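S.K.: This is the structure, below, for whatever I ask next.
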Amino acid sequence: MISFSAIVSFLRKEFLQILRSREMLVMIFVFPIVELLFLGFAVSNEVRHVRLAFLDYDRSAESRELVSAFSSTDRFDIVPAEISDTPYTILQSWRAQAVVVIPAHFGRDLNRLDGPALQIVLDGVDGNTATISSAYCSGIIQSFIRKELKSRDPRLLAMLTGQTLTGGVDLRHRMWFNPDLRSSLFIIPGIVAVLVTITSMLLSAMSLVREKEIGTLEQLMVTPVSKIELLIGKLVPFWLISFVQMAISLVFAFLIFGVRPTGNIPALFLFSNVYLFTTLGLGIFISTWSSSQQQAMFFAWFCMVFMLLLGGMFIPVANMPAAIRAIAAINPMNHFMVVVRELVIKGAGFHELHNEFLILLAFGTVCLGGSVIAFRKRV
Amino acid sequence: MNLKRVNGIALKEYNHIIRDPRTLLILILMPILQLTIFGYAMRFEIRHVKLAVRDYSHSPASQDLIRKFGATEYFTVQVLNSYSVTPQMLFNTRQAHAVLTIPPSFAAEKGTDRSLQLLIDASDANAAQLVLTYCQEIIASEYGPDLRRVLDVRPKLLYNPDLKSAYFFVPGLIATILVMICALLTSISIAREKELGTLEQLLVSPVTVSDILAGKIAPYVVLALVDAFLILGIGMLLFRVPFLGSFAAFLFYTLIYVVAALCLGLMVSTIAKTQQVAMMMALGMTLLPTLMLSGFIFPIRSMPWILQQVTYIVPARYFLLIIRGIMIKGNTTLELWHSGAALAAISCVALLVAARRFKLKLQ
């Protein structure tokens, strides 16, 4: 029923169409590298160079020392403040994201151990930055106090707090898989998963709808090409391109960020292959639903947004409420993301991922099978 | 520019939009669903981290410590009975995110080495850092010196004391969705004329470049504003996001931003010949930078220097500051003029490029 030569000539047409569009080629091959660069460098929840202002009403040696304790880290950039400023005016005019208020007599109270007080006022507009900088501030202030008390009398601290510094319990930690805590190690496998999804789902859907919109589907209808042959001819190029893109991004991930898959690379491609069944199937499904490329694009983009949001790309699924976690469980990208990350970062073996393999296989069978049945070679 | 001709093109474009209910549905539904999911699902703090404990001490002290970990929302504690399970196995099978080892000497006298060992799966560096901080906090509050008695530090959050994530996402989503509709839709709408060959019909009609551009833009401005108000409304009603500033200032700056986004979309459409290419370019030039480089999710000041320079040409960077300022801080028009001027400058440059490249000729 399936004619090999028909598929070959159909494939040739598709490849010519892609290869002769220079912009398309640029998009397919340059886009992954650009995205890798942008995301790899930009995406980090690490907070640095927070603009911090001091309102020093004390102007003592102690308060100056506290300020200098803050200036020695790259987490804070100290910005000047006028004496007429209040924390409110500084934050309102976006001059700083946090203000430390040192009250008058801070130095005196510190020396007398009179329980001096400090206030940190934070800009809550960006809650994440505010929480993290608040934690940084307390850390710096604590070590400042420790140093101050130690320099006066080493026993003072122990006396005051009823405990010694060294006799207490000490926590020794080790970071596995990623001792330098590089964010890029986590985000780059994620980008690979996203790229594979975009190419296979968006581009295949648009390419199928394009024939409808331009009217060349009618020409295809009168040819003896069967539905299956048409789909194979349409999908194989994007299937191949996805693999090429994946290879390109893995190579560049290594060249630029030094991120190298520690796991089994053939396994990575095997999993991607199974995952591509799902995304290509979704691509066909989108194309049957849409009559113009614009519709296809928006529908695909709609799916992408939710796959991304609930796929653990930026925000871990484990943090979400149970109801939303349940929705995330039926998100194929979520499972693929886990697979790529486990394989690239942890060097997991196939047996540790066989659950994901079965899930992805089930998704692939349902999506591809269902959409092939639903696809009609008609106008 | 002739108002009548602009009207004609705008009407045609309006019909395109209104007679494609599926696209319209997605354009209305997407922001609503996105906002709801963002509002409920997005949390940066980490909870229920799977913590495996290897207790070699088996003492009241160690059991007390384990209870302390279990009592917090941060950890779901699992005490390992078998000592043959290695951390590597736990991490690779994803049964644990962190492994705490309590040594046999833990119950010993003070003064001896009572160090705990904590292994963290750091593939997600940010999460690992948070897990470590939580553990350190728990340990410090149990066994560390209480420095609070020496110095009283009072943190205070202005504008968003309860740290609601909606305060953060609603302005960001307005910026993202406006760009998506303005830049993506206009770039595609002109590329479609090229691809379907209807641009030729426009070329032989007595319209000028500025007529076409203005007529193409107008309906999308309206659509974008409708979406912006929709998000704003849901954000205020469902998530109780405040709106402290003046509505006039919001409208004024939103219009400037919309124009900037539209000009970028036009620029893309003058380069792209097919809708596929237009879409990919618009994605790459507008949507991704808006998400990544505007400071919406990732702080600009933490980025490498070179990327920080790139953010200066991302319109959303300025608009985000404006909209957060107006909604949450109650900034006035005057306090935000720097950002408004930057947006206007970007639109001028993009419009100049687009007008120069958009020719009423076939190649």
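S.K.: Quick one: in the range B:29-69, which of the residues that are closer than 21 Å to A:P321 by Cβ and free of Cβ contacts under 8 Å to residues at least 24 places away in the same chain is surrounded by the most Cβ atoms within 10 Å (Cβ to Cβ)?
M.R.: Here the answer is B:A41.
S.K.: Then there is this: If I ask for residues that are more than 11 Å from chain B (Cβ to nearest Cβ) and part of a helix (DSSP H, G or I), which ones from the range A:312-339 would you list?
M.R.: Selection gives A:A326, A:A329, A:P332, A:M333, A:N334, A:H335, A:F336, A:M337, A:V339.
S.K.: I'd like to know if the range A:213-234 contains one or more residues that are among the hydrophobic types (A, V, I, L, M, F, W, C), modelled with pLDDT of 80 or more and closer than 30 Å to A:G347 by Cβ.
M.R.: No.
A quick yes/no check of all residues on (1) part of a helix (DSSP H, G or I); (2) more than 10 Å from chain A (Cβ to nearest Cβ):
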residue: B:V268; (1), (2): yes, yes
residue: B:Q276; (1), (2): yes, no
residue: B:I297; (1), (2): no, no
residue: B:R301; (1), (2): yes, no
residue: B:A316; (1), (2): yes, yes
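S.K.: Identify the residue in the range B:1-25 that is of a type in the set (A, V, I, L, M, F, W, C) and surrounded by 16 or more Cβ atoms within 10 Å (Cβ to Cβ) and, among all such residues, is nearest to B:F169 (Cα to Cα).
M.R.: Result: B:I17.
S.K.: Kindly evaluate B:S189 against the criterion of being assigned to a helix (DSSP H, G or I), in the same structural domain as B:P315 (by TED's automatic domain parsing), closer than 22 Å to B:I28 by Cα and more than 22 Å from the chain's Cα centre (by Cα).
M.R.: The answer is yes for B:S189.
S.K.: Yes or no: B:M285 assigned to a helix (DSSP H, G or I) and surrounded by 23 or more Cβ atoms within 10 Å (Cβ to Cβ)?
M.R.: Here the answer is no, as B:M285 does not meet what is asked.
S.K.: How many residues does the range B:126-172 hold that are among the aliphatic types (A, V, I, L, M), within 20 Å of B:I66 (Cα to Cα) and modelled with pLDDT under 80?
M.R.: 1
S.K.: Which of the residues that make up the range A:36-63 are more than 7 Å from chain B (Cβ to nearest Cβ) and either loosely packed, with under 15 Cβ neighbours inside 10 Å or within 20 Å of the chain's Cα centre (by Cα) (or both)?
M.R.: A:L36, A:L37, A:G40, A:Y57, A:R59, A:A61
S.K.: Could you grab me the full set of residues in the range A:143-174 that are at pLDDT 80 or above, within 7 Å of chain B (Cβ to nearest Cβ) and assigned to a helix (DSSP H, G or I)?
M.R.: The answer is A:I145, and nothing else.
S.K.: Turning to a different aspect of this structure: Which one is farthest from the other protein chains (Cβ to nearest Cβ), of the residues in the range A:282-311 that are farther than 17 Å from B:F169 by Cβ and free of Cβ contacts under 8 Å to residues at least 60 places away in the same chain?
M.R.: Among those that are farther than 17 Å from B:F169 by Cβ and free of Cβ contacts under 8 Å to residues at least 60 places away in the same chain, it is A:W289.
S.K.: Output yes when any residue across the range B:68-81 is away from chain A (no Cβ under 11 Å) and in contact with a Gly (Cβ under 9 Å, 6 or more places away or on another chain), and no when none is.
M.R.: yes
S.K.: Shifting gears a bit: State all residues of the range A:83-129 that are facing chain B (nearest Cβ under 9 Å), surrounded by fewer than 16 Cβ atoms within 10 Å (Cβ to Cβ) and among the aliphatic types (A, V, I, L, M); if no residue qualifies, say none.
M.R.: Those that are facing chain B (nearest Cβ under 9 Å), surrounded by fewer than 16 Cβ atoms within 10 Å (Cβ to Cβ) and among the aliphatic types (A, V, I, L, M): A:L113, A:A117.
S.K.: Going by the structure shown, is B:I234 in contact with a Phe, Trp or Tyr (Cβ under 9 Å, 6 or more places away or on another chain) and over 19 Å from B:R357 (Cα atoms)?
M.R.: Here the answer is no, as B:I234 does not meet what is asked.
S.K.: Restrict the check to the range B:8-20 and report whether at least one residue is assigned to a loop (DSSP other than H, G, I, E, B) and assigned by TED's automatic domain parsing to the domain that holds B:S210.
M.R.: Yes, the range B:8-20 has at least one match.
S.K.: Considering only residues of the range B:74-104 that are touching an Asp or Glu at 6+ places or on another chain (Cβ under 6 Å) and part of a helix (DSSP H, G or I), which is nearest to A:E356 (Cα to Cα)?
M.R.: B:N92
The values are calculated or read from the model by the stated rules, or taken from the named source; none is laboratory data. For clarity, every value in this text was computed on a predicted model and none was experimentally measured. All Cβ positions, glycine included, derive from the backbone under ideal geometry; neighbour counts span all protein chains shown.
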